[in-house]
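The values are calculated or read from the model by the stated rules, or taken from the named source; none is laboratory data. Everything numeric in this text was worked out from a predicted model, so none of it was measured. For neighbour counting, all protein chains shown are included, and Cβ atoms are generated from backbone atoms with ideal geometry for every residue, glycine included. Quick note on the areas: whole protein, heavy atoms, side chains included, nothing else; ligands and nucleic acids left out. Shrake-Rupley method; radii C 1.70, N 1.55, O 1.52, S 1.80 Å.
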Amino acid sequence: MVLKNLILWPLSVLYGIGVSIRNRLFNLGILKIHEFDIPIICVGNITVGGTGKTPHTESLINELKNDYRVACLSRGYKRKTSGFVLATETSTANDIGDEPMQIKNKFPEIIVAVDADRVRGIKKLMQLPEKPEVIILDDGFQHRYVKADINIMLIDYNRPIYEDHLLPLGRLRESIHAKERANYIIVTKCPTNISPIEKRIILKHLNLKAYQQLLFSSMKYGEIRSLDGNSHQTITPKTAILCVTGIAQPAPYLEHLKQMTNQIDHIAFPDHHNYSDTDIKRILQEYEKISTPDKCIFTTEKDAVRLTLCDIPEEIRQQIFYIPIEPEFLTPRDQLIKNIYDYVRQDTRK
C-alpha cells in the first residue's frame, strides 16, 4: 500500500496542477462561462462514485414540477448515442443513459434531455416550442462552462472530502477548495441518528463561507417493486436473494437487504454497467444454483432500468425486484427550497 501511494502521489500532484490551471482559466475569463436567461440549478459533486445525485435531483424535480415547466439536463453517461438527445416515450437507457431514463420514468411530465456539451444542451432546450421555466443540471458541478444560479454540492458521509485525495491517489476530481463554488453543501447517506456534535465536527472540517449552508440527509428506502410491474414479493428470513448491482457503492443497499434476510449472494458489476448476454447468462446460472424454492433476484433502481432491455426469460423476469430510494433530510431545507422558488419566480416575472 505504501509503495502504491508513492507511485500514485506524483500522478495525483500532476492531475491537481492540471485541474488548478483549468479553474484558473475560468476564473480569469480565458475560458468562457456562459450565462442564460433562465434559472439553472446545478446538482453535483467533486468525487468519483455515488453520492446520491440522482435521488436528490429527483427530490428537487418533485418540489418544482407542479408549479413550473422543469427540464433536467444530464450528460447521459454510457449511452449509445451522441450529441443532444431529447427523451421521448420510446427512449431507452441505451438512448439517454440509465439515470436520465430513471428520472423520465418517474416524472414523464417533465423535459429530460442529455448532452455532454451542456451549453449546447441548454440552447437546444430553449429552442423547444414549450421551453422550460427552470433547468436542473444533473451532475454539472464541474461543467464550468455554464453559470448556475444555485450550485448544490453533495458529499458522501462515509467518504468525507477533507479526508480524501485527488485522483488517482484518492477519489477527488477537484481540490477541496472547489467547494467554495457551492451555495449549498449536502452531506448525504448519513445515519439517521447522527448526533449534533458530529454535525458540528463536519461543519468545522468543511470551514464554510458565510454565503454557504450545510444540510444533512440520509437515504430512505421505499416499497419493493418488480421489474415487470406486476409481480409481488414478500421477503422472510428464509428467502434467498441473489443481489445484482452495477453501482459505485453497493454496500448500503446490501445492508438494507440484510435487514430482511441473511441469505444473500452478490454479483457486483461496475457503475453504469451495460449488461451483456454473457452477464445475463452468469446471473441466471447463479440463480439456478440457489437450491431453496423461496428465492428471488434483487437489483437497484438504476440497474432495473438497464435490465428491462435485456433478454431474460419471462419466468425469471417475474422474480426480479428493486427498491427505490429517496433522500430524507435530517436538517431543515426550507431555505434551500425558498431560494430556488425565489430565483424561478423572479425570472418568470420578467
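For this structure, a couple of remarks:
- Selection status of ILE110, touching a residue at least 40 places away in the same chain (Cβ under 8 Å), open to solvent by less than 30 Å² (accessible area, probe 1.4 Å) and closer than 26 Å to ILE46 by Cα: no
- Residues of segment 237-279 classified as among the charged types (D, E, K, R) and under 21 Å from MET219 (Cα atoms), total: 3
- Annotation: GLU286 fulfils all but one of (1) closer than 22 Å to GLU315 by Cβ; (2) open to solvent by less than 60 Å² (accessible area, probe 1.4 Å); (3) part of a helix (DSSP H, G or I); the unmet one is (2).
- Going through (1) exposed (fewer than 14 other Cβ atoms within 10 Å of the Cβ); (2) over 18 Å from THR51 (Cα atoms); (3) of a type outside the set (Ser, Thr, Tyr) one by one, ARG225 falls short only on (1).
- ILE247 open to solvent by 30 Å² or more (accessible area, probe 1.4 Å) and touching a Gly at 6+ places or on another chain (Cβ under 7 Å): yes
- ILE41 meets the conditions (1) surrounded by 16 or more Cβ atoms within 10 Å (Cβ to Cβ); (2) touching a helix residue (DSSP H, G or I) at 6+ places or on another chain (Cβ under 9 Å); (3) within 18 Å of LYS302 (Cβ to Cβ) in every case but one. The failed one is (3).
- Residue within segment 27-41 that is farther than 28 Å from GLU328 by Cβ and assigned to a helix (DSSP H, G or I) present: yes
- Test: residue in segment 254-263 that is within 25 Å of the chain's Cα centre (by Cα), open to solvent by less than 20 Å² (accessible area, probe 1.4 Å) and not assigned by the TED database to the domain that holds LYS53: yes
- Helices (runs of 4 or more DSSP H) completely within segment 69-160 that count 1 or more residues being within 30 Å of ILE176 (Cα to Cα): 98-106, 118-126
- Residue ID - modelled with the highest pLDDT, chosen from residues in segment 78-102 that are in contact with a helix residue (DSSP H, G or I) (Cβ under 7 Å, 6 or more places away or on another chain) and surrounded by fewer than 16 Cβ atoms within 10 Å (Cβ to Cβ): THR81
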